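Below is one structure, written out as structure tokens; the observations come after it.
The values are calculated or read from the model by the stated rules, or taken from the named source; none is laboratory data. The shown structure was predicted, so the numbers you read here are calculated from the model rather than taken from an experiment. In this analysis, Cβ positions are derived from the backbone assuming ideal geometry, glycine residues included, and neighbour counts consider all displayed protein chains.
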Amino acid sequence: MSALAYDGMALVGRQLRRVRNSPGLAILTQVMPINMLLFFGYVFGSALAMPGREYRSFLVPGLLVATAAGGIMTGMFQAAADSHRGVMDRFRAMPVSRAAVPLGQAVADLIVTAVGTVPLLLVGLAVGWRVEGSVPGAVGAVGLLLLFRFACTCVGVFLGLLTRSEDAAGQLGASSFVLPLLSNAYIPTDNLPGRLRTLAEWNPISAVTTALRHLFGNAPVPERAAWPVAHPVAGSLAWCVALIALFAPLAVRRYSQGKR
């Protein structure tokens, strides 16, 4: 077994024990989407040109992707906490693969997310959402969702290692909540003004949300939209690959450099 794989498994275990001993953040990030589903699904649905059940079917994939995008916040906060409490310095002093530390955090977060997605899916089924497409399509949707979560966590880990303090990481991470609002996760973008619609459709969250709706069979692919939304599966994969290819090496490099 390579050093990266061995060290990575050890660090994944460390992160999972960390979540088990301090479950507050994980519980909060999973309970919030359920609350939003119940609130938005029964309040916003009446304000849109969609019946309530139809809007909830529209909303569930968007909330799944918005939760996945929360990897930016959790990755940032956890990386900043380890960095500013001296944990990263201890790892650097040990014969541990440099890539294993940030990537181990991202993989552990992925496992927690996979488990935490189940309650949201169950609540979605309870309020009327259904998988109306094929089983392979649904499996592909879940796989794409987890890939996007991993990409977002890589972004968060890098940003967390850049921050000057845990407080700054918390404030900056909380601001990532705005990203799903500038997408089609909660509302259709068809009637948005031109520039705002363009911004929303080039938001990676919009591509992944559209891909999930398509793969779950909940909504057709828009005919007139920016390329990532008009070709949502290819667009989502392109976004995920680009984010991972850019931010995973940057996170490893930043970790290797230490505090500055």
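Some values worked out for this structure:
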item	result
Residue check for Ala242: on the phi < 0 side of the Ramachandran plot, in contact with a helix residue (DSSP H, G or I) (Cβ under 8 Å, 6 or more places away or on another chain) and either assigned to a helix (DSSP H, G or I) or surrounded by 16 or more Cβ atoms within 10 Å (Cβ to Cβ) (or both)	no
Wholly enclosed helices (runs of 4 or more DSSP H) of the stretch 127-225 bearing at least 3 residues touching a residue at least 24 places away in the same chain (Cβ under 8 Å) and closer than 25 Å to Asp109 by Cα	135-162, 166-175, 204-216
Residue, nearest to Val241 (Cα to Cα), within the stretch 99-151, restricted to residues that are in contact with an Asp or Glu (Cβ under 9 Å, 6 or more places away or on another chain) and surrounded by fewer than 20 Cβ atoms within 10 Å (Cβ to Cβ)	Ala99
Search result, residues across the stretch 160-189 that are more than 23 Å from Leu63 (Cβ to Cβ) and crowded, with 22+ Cβ neighbours inside 10 Å	Gly160, Leu161, Ala169
Filter pass, Val131 being at pLDDT 90 or above, under 25 Å from Phe40 (Cβ atoms) and among the hydrophobic types (A, V, I, L, M, F, W, C)	yes
Of residues in the stretch 190-221 being surrounded by 16 or more Cβ atoms within 10 Å (Cβ to Cβ) and either among the acidic types (Asp, Glu) or more than 23 Å from the chain's Cα centre (by Cα) (or both), the one nearest to Trp239 (Cα to Cα)	Glu201
Single residue of Met94, Met88 found to be more than 27 Å from Tyr186 (Cβ to Cβ), assigned to a helix (DSSP H, G or I), more than 19 Å from the chain's Cα centre (by Cα) and not charged (D, E, K, R)	Met88
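Conditions (1) at pLDDT 90 or above; (2) among the hydroxyl-bearing types (Ser, Thr, Tyr); (3) touching a Gly at 6+ places or on another chain (Cβ under 8 Å), marked per residue:
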residue: Thr117; (1), (2), (3): yes, yes, no
residue: Leu120; (1), (2), (3): yes, no, no
residue: Leu125; (1), (2), (3): yes, no, no
residue: Val139; (1), (2), (3): yes, no, no
residue: Asp167; (1), (2), (3): no, no, no
residue: Leu182; (1), (2), (3): yes, no, no
residue: Arg195; (1), (2), (3): yes, no, no
residue: Leu199; (1), (2), (3): yes, no, no
residue: Trp202; (1), (2), (3): yes, no, no
